[in-house]
Amino acid sequence: MFEKLFNKVSNCKFKQAESTLCVMCCHVLEKNTPILSVAHDMEDIWQFFCGADGHEYNDIRIVTLSEVTEIDSCINELSEIPLGAGAIRASTEEAWRQYTLDVE
């Protein structure tokens, strides 16, 4: 049992450690919806959301980068997004469109 846990091969391509904590909405974590919105904020926090508006505090979960790439390995395409940037897509069949976050 422990061998599976400790000998697991990671597919995480991010520069940050696989154990880096990230923000994710419960809709993605519970696998009801795909990741459609990603942000790498100025505080170096990665955020992964379903793309819906109006998430509330209770919708937020804390996960690791490793968990994110296990849910959706194509997130690795975004591993080089700089601080203060993000990416969105309308569906999993569409390409990511990068943008700059509004910083106030």
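The values are calculated or read from the model by the stated rules, or taken from the named source; none is laboratory data. Small disclaimer: the values here were computed from a predicted structure and weren't measured. Glycine gets a Cβ as well: all are built from the backbone with ideal geometry, and neighbour counts include every protein chain shown.
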Just a yes or no: is a residue in the range 54-65 of a type in the set (F, W, Y) and touching a Cys at 6+ places or on another chain (Cβ under 8 Å)?
-> no
What single numbered condition from (1) in a strand (DSSP E or B); (2) in contact with a Leu (Cβ under 6 Å, 6 or more places away or on another chain); (3) within 22 Å of Y99 (Cα to Cα) fails to hold for R61?
-> (3)
Being in a loop (DSSP other than H, G, I, E, B), among the charged types (D, E, K, R) and over 14 Å from the mean Cα position of the chain (by Cα) is the filter here, so list the residues in the range 79-103 that pass it.
-> E93, E94, D102
Out of all the residues in the range 60-76, is one or more touching a His at 6+ places or on another chain (Cβ under 6 Å), buried (at least 17 other Cβ atoms within 10 Å of the Cβ) and not hydroxyl-bearing (S, T, Y)?
-> no
What is the residue count in the range 34-57 for residues that are in contact with an Asp or Glu (Cβ under 7 Å, 6 or more places away or on another chain) and either among the β-branched types (V, I, T) or in a loop (DSSP other than H, G, I, E, B) (or both)?
-> 2
Every pair of residues 6+ apart whose Cβ atoms lie under 8 Å, when the first sits in the range 81-104 and is in contact (Cβ under 8 Å) with a residue 60 or more places away in the chain while the second is surrounded by 10 or more Cβ atoms within 10 Å (Cβ to Cβ) and not in a loop (DSSP other than H, G, I, E, B) | L101/A39; L101/A85; L101/G86
Just one of Q16, Q98 is of a type outside the set (A, V, I, L, M), surrounded by 10 or more Cβ atoms within 10 Å (Cβ to Cβ) and at pLDDT below 95; which is it?
-> Q16
Might you check whether a residue that is at pLDDT below 95 and buried (at least 16 other Cβ atoms within 10 Å of the Cβ) occurs anywhere in the range 34-50?
-> no
